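Student: This is the structure I have questions about; it appears just below.
The values are calculated or read from the model by the stated rules, or taken from the named source; none is laboratory data. Please read all numbers here as calculations on a predicted model, not as lab measurements. Quick reminder, even Gly has a Cβ in these numbers, built from the backbone with ideal geometry, and neighbours come from all protein chains shown.
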Amino acid sequence: MADRISDVWGKRTPFAAGDSWPLRVDECLAVPQDHVERWVPSACVLCANGCGLDIAVADGRIVGVRGRVEDRVNHGRLGPKGLFGWQAGHSHDRLLHPQLRIDGALRRVDWDTAMTAVTERSLAVLADHGPLAMAFYTSGQLLAEEYYAQTLIARGGIGTPHLDGNTRLCTATAEWALIESFGSDGNPGSHTDIDHCDTLFLVGHNVAETQTVLWSRMLDRMHGPDRPRLVVVDPRLTEVARAADVHLALRPGTNVALLNALLHELISNDRIDRAFLDNHTTGFTELAATVAEYPAERAAEICGVPAHLIRQAAHVIGSAHRLVSTVLQGVYQSHQATAAAVQVNNIHLVRGMIGRPGATVFQMNGQPTAENTRETGANGALPAFLNWQNDAHVRHLTDHWNIGELRLPHWSPPTHAMEILRHCETGSIKFLWVTGTNPAVSLPELHRIRAVLGSDRFFLVVSDAFPTETTALADVVLPTAMWGEKTGCFTNVDRTVHLSHKAVDPPGEARTDFAILLDYARRMHFTDRDGRPLLPWHQPEDAWNDFIALTKGRPCDQSALGYDRLRGSGGVQWPCTEATPDGTERLYTDHVFPTAADRCEDYGHDLATGAQHQADEYRKHHPAGRAILKAAHYLPPHEPPNETYPLHLTTGRGVYHWHTRTKTARVPELNDAAPEVWVELHPDDAHSRDIAEGDLVRVSSRHGAVEAPAVLCGNRPGLVFVPFHYGYFDQKDPDRHHRAANELTRTEWDPVSKQPLYKMTPVRLTKVADAATGSRPAAGTDPAPAATEDPTGPSGAPETPR
Ligand SMILES: Nc1nc2c(c(=O)[nH]1)N[C@H]1C(S)=C(S)[C@@H](COP(=O)(O)OP(=O)(O)OC[C@H]3O[C@@H](n4cnc5c(=O)[nH]c(N)nc54)[C@H](O)[C@@H]3O)O[C@H]1N2
Ligand SMILES: Nc1nc2c(c(=O)[nH]1)N[C@H]1C(S)=C(S)[C@@H](COP(=O)(O)OP(=O)(O)OC[C@H]3O[C@@H](n4cnc5c(=O)[nH]c(N)nc54)[C@H](O)[C@@H]3O)O[C@H]1N2
Ligand code: SF4
Ligand SMILES: [Mo]
């Protein structure tokens, strides 16, 4: 069995530019090989890389996994989470029965009682308050068919705009950066571009820990004969930064200033592709004028990095022939998220680095099925990347669903997750159904979120496979099947679609989300214009066929991608049409972008304010097939570190855990590798506070506090990092709220993508106890953190940590 705990990336298999990535099969089996009865094709559901794997089954149980050697994504490899993560399904504390809150406590009930409670409350809320009192908050970790059912129920059945996914916290900025520049969601490139590139540019992306198999591919190129150069932008000295030729450890929140300076260097040194700009883009004059205000010296001051390093980075990028860039949470969850992500697109556009092998930008995804949430409209957008402001698009959808146009809410943008929570807080939402996400740990400013979710002003339904901090607050808990216990499709970050097959039955009375949603639709009697059932499906394949028919002619056309085409495949990239039955490796190879007014997914936004552009305005600029260069000025963050909170907190991930650890804490190998939360800081910041390695420290913000042992490391001075994985479900005293990073974070979001800024919190740091002696300083040296001063703070009593 592979030891992917101590040896995370496994053995190097170097290769040269243009060669095929060598095969290497990783396997983890709990039984001897010859005890395996069946291998069931699937893909890993623990990040957006989407590695193909086969699930080993014996005696009706999952007994292991093996990377699929024929899969285009991973060529057989798996990382630590992929190898070991499947064991979570066997956990003794899976939810096995529905529960209903009776006299204040959750009690076991049968499915009919639970679903009757959900349906009766839905009907009562609809009758008394109308569809705007109903809300749905779903995931980036279900299957495409489940999202599509969720979307049709919320939009076509109930008619509410209050539908979003946790993709809002995750890849809303990826989606919007792609739409603003190229006219539509969907990453243009392919993982094979890593195989061809000569330069890698990673912005706010700790790929070594968060997409370990993708990093293996990059490492194998870097160990090969023609090593691509690597530029990394990250305030932390990550594993990726250590491997860099140029590491820009910028001040958090200053991405726009840095990227503008890089663009300025490229333009002023004539490292641009004039013919490409003239023929295939619009907006260059304004972009050039904007970035002219960011000479390297000015950016150096804003970003706190030496000007010569900025020039060096620009030189590397400017001399690249085949450039692959990736962007992730260091941009999406940081200040000016969409504005910054778009500047990375701009670097590719000014250099003509798109639509050919080795030249692309990845606006990365994080969750395994985030792309499906977006394609099916479960993030509130219209499915199939249809434009809610375009009447013809709306009609296309209502015709497909056979519902009246007025049933489909399309008078304003959909309500984003933080806004849905706000409506719950103020009382205008009376019913919220949370599926496949754990907001009581993953949303910012947790004392407020707990107060909102715990209030009895609305009815809370939660569908999950495990008891979580969120199910504990629910009125109804619905036990669900997990990956491996259901069949359906999912799409990774380079548009590769996999069909994941059911390998085993779910435990107890657990049901698939698909079955639960279909049951709800039936009980609610949702019908189409002709009185026929709105969701006439019996199995996931029916929903998939309906969805792919809807995509016909759209940028995400999957009309030829039925289950038969997917079965046994090593992954197929959309678009996949009758004309392109093998899928499409790269988008925009003809340099025609889906920006035409009748085709684009949205008319776009002002990057500084988030103001929505209208159709007339958009048509005036006539992008018609050209990519759009959108400029943005750097703006200082709204709440920088200050006298009381002099340090900058960023939050994120470690390699062994997945999000709120509902799965990975239940996997011995992974949990033992990282059993407790920690705080990373620079030795200078530690020494000035008399903090040594391993000392227990308290991180406090305006909103709460976290206590954890200190880890001294080479991250940027003034920066503190806390992983956000640790909540309370497996803590001895779950009411002692001192462990989750989101106790500290603020309620603020990007104006365009509405993604919360999890990486922008001023904090202070104090020592609580000595690692060596365990002694605590006298009480009162650090006053308890103030309750929230935020006007959007909790209406109920805040729970001040300790
Ligand atoms: N092991 C593991 N892997 C995962 C996940 C997991 O939970 N665990 N989750 C998956 C999901 S859903 C996601 S979204 C991805 C996220 O994957 P990543 O985005 O790679 O992960 P993060 O740790 O959130 O943040 C990346 C980096 O951003 C840097 N950063 C912070 N502020 C700034 C800034 O202002 N500018 C720049 N340039 N960088 C900054 C941080 O120092 C951090 O190293 O990972 C996926 N993969
Ligand atoms: N401070 C801070 N906060 C963050 C981030 C950060 O970097 N810093 N990152 C943000 C990002 S990028 C993300 S993606 C979010 C993730 O935040 P969450 O979505 O809250 O994270 P998970 O722990 O993955 O929650 C998924 C839930 O779905 C359940 N589940 C698993 N499979 C199924 C299934 O098939 N059906 C159903 N119904 N349930 C299932 C799991 O048990 C789990 O409870 O966190 C965000 N929050
Ligand atoms: S890289 Fe992502 S998809 Fe691949 S095995 Fe690891 S967690 Fe799973
Ligand atoms: Mo994410």
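Student: Test ASP464 against the criterion of being in contact with a strand residue (DSSP E or B) (Cβ under 9 Å, 6 or more places away or on another chain) and among the acidic types (Asp, Glu), and give yes or no.
Tutor: Criteria met by ASP464.
Student: Report those strands (runs of 3 or more DSSP E) wholly inside segment 458-505 carrying at least 2 residues which are in contact with a Pro (Cβ under 7 Å, 6 or more places away or on another chain) and in contact (Cβ under 8 Å) with a residue 12 or more places away in the chain.
Tutor: Once the strands (runs of 3 or more DSSP E) in segment 458-505 are filtered for at least 2 residues that are in contact with a Pro (Cβ under 7 Å, 6 or more places away or on another chain) and in contact (Cβ under 8 Å) with a residue 12 or more places away in the chain, what remains is 476-479, 488-491.
Student: Right, ALA174: buried (at least 23 other Cβ atoms within 10 Å of the Cβ) and either of a type in the set (A, V, I, L, M) or away from ligand 2 (no atom under 16 Å from the Cβ) (or both) or not?
Tutor: Considered against the rule, which asks whether it is buried (at least 23 other Cβ atoms within 10 Å of the Cβ) and either of a type in the set (A, V, I, L, M) or away from ligand 2 (no atom under 16 Å from the Cβ) (or both), ALA174 comes out as yes.
Student: Then there is this: Which residue pairs have Cβ atoms under 9 Å apart, sit 6 or more places apart or on different chains, and have a first residue in segment 149-171 that is within 15 Å of ligand 2 (Cβ to nearest atom) and at pLDDT 95 or above and a second that is basic (Lys, Arg) and not in a helix (DSSP H, G or I)?
Tutor: From residues that are within 15 Å of ligand 2 (Cβ to nearest atom) and at pLDDT 95 or above, the pairs are ASP164/LYS754; ARG168/LYS754.
Student: Could I ask something else about it? Counting just the residues of segment 412-422 that are closer than 26 Å to VAL394 by Cα and not aliphatic (A, V, I, L, M), which one comes out nearest to the chain's Cα centre (by Cα)?
Tutor: That would be HIS416.
Student: While we're here: If you check ALA16, ALA48, which single one turns out to be within 16 Å of ligand 4 (Cβ to nearest atom) and either modelled with pLDDT of 95 or more or more than 24 Å from LEU499 (Cβ to Cβ) (or both)?
Tutor: Result: ALA48 is the single residue among ALA16, ALA48 that is within 16 Å of ligand 4 (Cβ to nearest atom) and either modelled with pLDDT of 95 or more or more than 24 Å from LEU499 (Cβ to Cβ) (or both).
Student: Can ALA596 be described as within 16 Å of ligand 1 (Cβ to nearest atom), in contact (Cβ under 8 Å) with a residue 12 or more places away in the chain, among the small types (Gly, Ala, Ser) and not in a strand (DSSP E or B)?
Tutor: No; evaluated as a whole, the condition is false for this residue.
Student: On the basis of being within 16 Å of ligand 1 (Cβ to nearest atom), crowded, with 24+ Cβ neighbours inside 10 Å and outside any loop (DSSP other than H, G, I, E, B), does THR151 make the cut?
Tutor: no
Student: Given the condition among the hydroxyl-bearing types (Ser, Thr, Tyr), more than 13 Å from ligand 2 (Cβ to nearest atom) and either in contact (Cβ under 8 Å) with a residue 40 or more places away in the chain or touching a His at 6+ places or on another chain (Cβ under 6 Å) (or both), answer yes or no: does some residue in segment 361-375 qualify?
Tutor: Scanning segment 361-375 turns up no residue that is among the hydroxyl-bearing types (Ser, Thr, Tyr), more than 13 Å from ligand 2 (Cβ to nearest atom) and either in contact (Cβ under 8 Å) with a residue 40 or more places away in the chain or touching a His at 6+ places or on another chain (Cβ under 6 Å) (or both).
Student: Shifting gears a bit: Can you spot a residue in segment 84-105 that is within 16 Å of ligand 4 (Cβ to nearest atom) and among the hydrophobic types (A, V, I, L, M, F, W, C)?
Tutor: no
Student: Test of understanding: among LEU214, LEU202, which residue is modelled with pLDDT of 95 or more, within 16 Å of ligand 4 (Cβ to nearest atom) and either in contact with a strand residue (DSSP E or B) (Cβ under 8 Å, 6 or more places away or on another chain) or in the same structural domain as THR238 (by TED's automatic domain parsing) (or both)?
Tutor: Going through LEU214, LEU202 in turn, the sole match is LEU214.
Student: Taking the criterion of being touching a His at 6+ places or on another chain (Cβ under 8 Å), within 16 Å of ligand 4 (Cβ to nearest atom) and either of a type in the set (Val, Ile, Thr) or outside the structural domain of PRO751 (by TED's automatic domain parsing) (or both), would at least one residue in segment 158-167 satisfy it?
Tutor: There is at least one residue in segment 158-167 that is touching a His at 6+ places or on another chain (Cβ under 8 Å), within 16 Å of ligand 4 (Cβ to nearest atom) and either of a type in the set (Val, Ile, Thr) or outside the structural domain of PRO751 (by TED's automatic domain parsing) (or both).
Student: Same structure, new question: Among the numbered conditions (1) under 30 Å from GLY366 (Cα atoms); (2) part of a loop (DSSP other than H, G, I, E, B), tell me where ASP270 comes up short.
Tutor: With (1) under 30 Å from GLY366 (Cα atoms); (2) part of a loop (DSSP other than H, G, I, E, B) applied to ASP270, the lone miss is (1).
Student: Residues of segment 72-109 being in contact (Cβ under 8 Å) with a residue 60 or more places away in the chain, surrounded by fewer than 24 Cβ atoms within 10 Å (Cβ to Cβ), within 16 Å of ligand 3 (Cβ to nearest atom) and assigned to a loop (DSSP other than H, G, I, E, B), which ones?
Tutor: ARG72, the sole residue that qualifies.
Student: Let me ask something else about it. How many residues, within segment 505-563, are among the acidic types (Asp, Glu) and either within 30 Å of ASP598 (Cα to Cα) or surrounded by 21 or more Cβ atoms within 10 Å (Cβ to Cβ) (or both)?
Tutor: The qualifying residues number 6.
Student: Go through segment 335-376 and report how many residues are away from ligand 4 (no atom under 14 Å from the Cβ), assigned to a loop (DSSP other than H, G, I, E, B) and under 30 Å from PHE514 (Cα atoms).
Tutor: 1
Student: Report, ordered by the first and then the second residue, all pairs with beta carbons closer than 7 Å, sequence separation of six or more or different chains, a first member in segment 429-448 that is within 16 Å of ligand 1 (Cβ to nearest atom), and a second member that is basic (Lys, Arg).
Tutor: From residues that are within 16 Å of ligand 1 (Cβ to nearest atom), the pairs are PRO444/ARG746.
Student: A further question on this structure: Please go through segment 692-734 and give me each residue that is assigned to a loop (DSSP other than H, G, I, E, B), away from ligand 1 (no atom under 12 Å from the Cβ) and polar (S, T, N, Q), ordered by number.
Tutor: Within segment 692-734, SER701, GLN731 meet the criteria.
Student: So, one more: Can you give me the number of residues within segment 397-425 that are outside any loop (DSSP other than H, G, I, E, B), of a type outside the set (Gly, Ala, Ser) and more than 17 Å from GLY157 (Cα to Cα)?
Tutor: 8
Student: Moving on to the next point. Hey, does segment 306-325 have a residue that's within 14 Å of ligand 1 (Cβ to nearest atom), farther than 19 Å from ALA631 by Cα and not hydrophobic (A, V, I, L, M, F, W, C)?
Tutor: no
Student: Pairs only if they're at least six apart or on different chains, beta carbon under 6 angstrom, first in segment 685-713 and of a type in the set (Ser, Thr, Tyr), second at pLDDT 95 or above; list them, first residue then second.
Tutor: Between residues of segment 685-713 that are of a type in the set (Ser, Thr, Tyr) and residues that are at pLDDT 95 or above, the close pairs are SER700/ARG764; SER701/LEU744; SER701/THR761; SER701/VAL763.
Student: Which count do you get for residues in segment 391-427 that are more than 24 Å from ASP750 (Cβ to Cβ), out of contact with any His (no Cβ under 8 Å at 6 or more places or on another chain) and not charged (D, E, K, R)?
Tutor: The total comes to 13.
Student: Taking into account only those residues within segment 625-659 that are closer than 17 Å to TRP749 by Cα and within 16 Å of ligand 4 (Cβ to nearest atom), which is surrounded by the most Cβ atoms within 10 Å (Cβ to Cβ)?
Tutor: Ranking the candidates gives THR650 first.
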